[in-house]
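Presented below is the structure to which this report refers.
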Amino acid sequence: MKRARMNGSADSCPVVTRIVLAIVTLCAAWPARAEDARPGLARPNIVLVNADDLGINDLSCYGRQDQPTPNLDRLAREGMRFTSAYCGQAICSASRAALMTGKAPARLHLTSYLPGRPDSPAQLLLQAPIEQQLPLAETTIAEHLRTAGYTSACIGKWHLGDRGFLPTDQGFDVYHPGKANTQPSDTEGGKGEYDLTTHAEEFLDAHRDRPFFLYVGHNCPHVPLAAKPELVAKHKDAFHPVYAAMIETLDDCVGRLMAKVETLGLAERTLFVFTSDNGGLDVLEGASAPATTNAPYRSGKGGCYEGGLRIPLIVRWTGRVPAGVVTEQLVINTDWLPTLSELVGAQPPADLDGRSFAGLLLEQQKLAARPLFWHFPHYTNQGGRPAGAVREGDWKLIEHYEDGRCELFDLAHDPGEQTDLSAKHAARVAELRGKLEAWRRSVAVQANAANPRFNGGYAERLYGHPPIDITRLPRTGTALELTERLQPWRTLMDDAIPRPRRKVPSQAEAGAGAVLLHARDAKIHGSKLRYEPEPHKDTLGFWTQPADYAEWEFDLPVAGEFEVQVLYGCGVGSGGSEVEVAVGGAALAMTVQETGHFQRFVPLSPGRVSLKAGRQTLTVRRKSKPGVAVMDLRRVTLRAAP
Ligand SMILES: [Ca+2]
């Protein structure tokens, strides 16, 4: 009877029942419907502080010597610190979309920052198209928690869309953007840190008695770098004095927020998370010197090496998450939505890429093994080029989309990704590349197309033989010393992007473009040769009959000279075939070299051809075949020649 009434409409209930209902509703709102949450747990409040471009090597609790962070070190001592936490993408908006939705940026088609970097003639490939905001159809953490009775605030950086797509359109009740850049003063740092902190404190005061989700998106320590002069002077011996001062400011602000939670008596019912959206900026960008070094990890923001993908992550929940624990278990920021769902007793949406690690937080459970994937089809301001990556166990594979080259690293023995083991472990390369390709297909990624305005000469200067290898910067010296060495590279990078009211240098003018001829689009002649669609193959294979050959037809918009590049693999014992690539009346000869495995693809250039605009036919035929098979052929690329 009681149950029936409870399920009925309040209007039809007697007054007494209505009062009971009101009390039940109040109890449900706070402190918690413990029976709905993880067994035995009250639902926590959530404070999530997301720093901007803060690297894995930027906090003293992560081993940094010249940037003391006493408050964050205390947070780590009082909580769990992650050494192998990853972002969904090593760039702002994409990572934030992953955090907010639990979905991979590749699945969201939001794989770069907003609005994205314009295309440049220095690019062999065009940037993959991206959404221009986080679509409203996606369910954010705030929308999800709202259904569980939470009030949410977004204080600070959002970067997932403007009017119509703001936090308040995506489930947040309160939004205070603050200012990304401020004049340092007695009361403010260089990135609006204290204004954001004050608003966050006000939200905590106002919502202390109900379950809340407070998201603080600090703009610190993103460029342009700025901090109080006295702090800069204090850190004059740091790698970068201004940056070190900004880290102190950030640490101070997080400390204030921690103190507020404690003063309000909420520490035992508040999950306090501190993290970053992507790895540290280790190259010269804008007027600022390289901000930091991500040592021992390679490279930084804007690429697929560990320096860009690994992020700091500290989680404190007094009395629930064990204090002082350091974990090497792999988590990624898409895991937050399902993790918070489990902690608050809500059913996570289906089709997420992340997985809950609540069991790790609360019971130090070992997480089930899984591969982590990244698809980053972009040229970045930091010098990154289109690539994908997969980490499975200790192995990490990076596939470079321009030429199909794969690098393989053993992170257990080589966390700095200094030794490429791909030639030694061809079968593992094929397996991991196959998993990466299968995942790309399963989430229907946006891919790169050939750039019809590609300028080979410019690309060669910028990417072929750059003034400095920006993925292997020296780990010694100061930011200022490094700046001088990076300046020629920075000038080239900046010239690559046409800017309003700025004359584009002659070397950046469009060339004759690029053409990609994929195996899947080939017209096949013969009896055995075929396209093999399996993800680890994705190639023309079974080239056992001497007469079989492949043909592509394509339209060339502009005449020019092109370098032909064949992306192929050849197993042991089958090398030595003479192959002819014919196009536009020219015939280029190449000798197939063994690559160790038919699915270990390497690019080889048999030469250049001059082509007229218009309809073209390209054929690849064997001239001799000493082994069982000619080769596997994944792609032929025509690059506008330097
Ligand atoms: Ca960022």
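The values are calculated or read from the model by the stated rules, or taken from the named source; none is laboratory data. The structure presented is a predicted model; accordingly, all values stated were derived computationally and were not measured. Every residue, glycine among them, receives a Cβ derived from its backbone with ideal geometry; neighbour counts consider all protein chains shown. Each accessible area value is taken on the protein alone, full model and side chains, heavy atoms only, with ligands, DNA and RNA left out. Shrake-Rupley method; radii C 1.70, N 1.55, O 1.52, S 1.80 Å.
For the condition over 17 Å from His378 (Cα atoms) and either open to solvent by 10 Å² or more (accessible area, probe 1.4 Å) or of a type outside the set (Lys, Arg) (or both), Glu143 qualifies.
Okay, residues lined up against (1) part of a strand (DSSP E or B); (2) modelled with pLDDT under 95; (3) under 15 Å from Glu561 (Cα atoms); (4) aliphatic (A, V, I, L, M):
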{"site": "Met590", "(1), (2), (3), (4)": "yes, no, no, yes"}
{"site": "Phe598", "(1), (2), (3), (4)": "yes, yes, no, no"}
{"site": "Val609", "(1), (2), (3), (4)": "yes, no, yes, yes"}
{"site": "Lys623", "(1), (2), (3), (4)": "yes, no, no, no"}
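Taking the stretch 206-229 as the range and being at pLDDT 95 or above, in contact with a helix residue (DSSP H, G or I) (Cβ under 8 Å, 6 or more places away or on another chain) and away from the ligand (no atom under 16 Å from the Cβ) as the test, the residues that pass are Pro211, Phe212, Phe213, Leu214, Ala226, Ala227, Lys228.
Can you name every one of the strands (runs of 3 or more DSSP E) wholly within the stretch 437-549 that holds 3 or more residues which are crowded, with 19+ Cβ neighbours inside 10 Å and at pLDDT 90 or above?
514-518, 539-541
Taken over the stretch 399-439, the criterion of being in contact with a Leu (Cβ under 8 Å, 6 or more places away or on another chain) and aliphatic (A, V, I, L, M) is satisfied by Leu408, Leu421, Val429, Leu432, Leu436. Only residues that are over 23 Å from the mean Cα position of the chain (by Cα), open to solvent by less than 10 Å² (accessible area, probe 1.4 Å) and over 24 Å from Val283 (Cβ atoms) were counted in the stretch 49-75, giving 2.
Against the definition (open to solvent by less than 30 Å² (accessible area, probe 1.4 Å) and at pLDDT 95 or above), how does Asp414 come out, yes or no? Yes, satisfied.
Please identify the pairs in which a residue from the stretch 329-343 that is modelled with pLDDT under 95 has its Cβ atom under 9 Å from the Cβ atom of a residue that is part of a strand (DSSP E or B), counting only partners at least 6 apart or on another chain. Final answer for the pair search is none.
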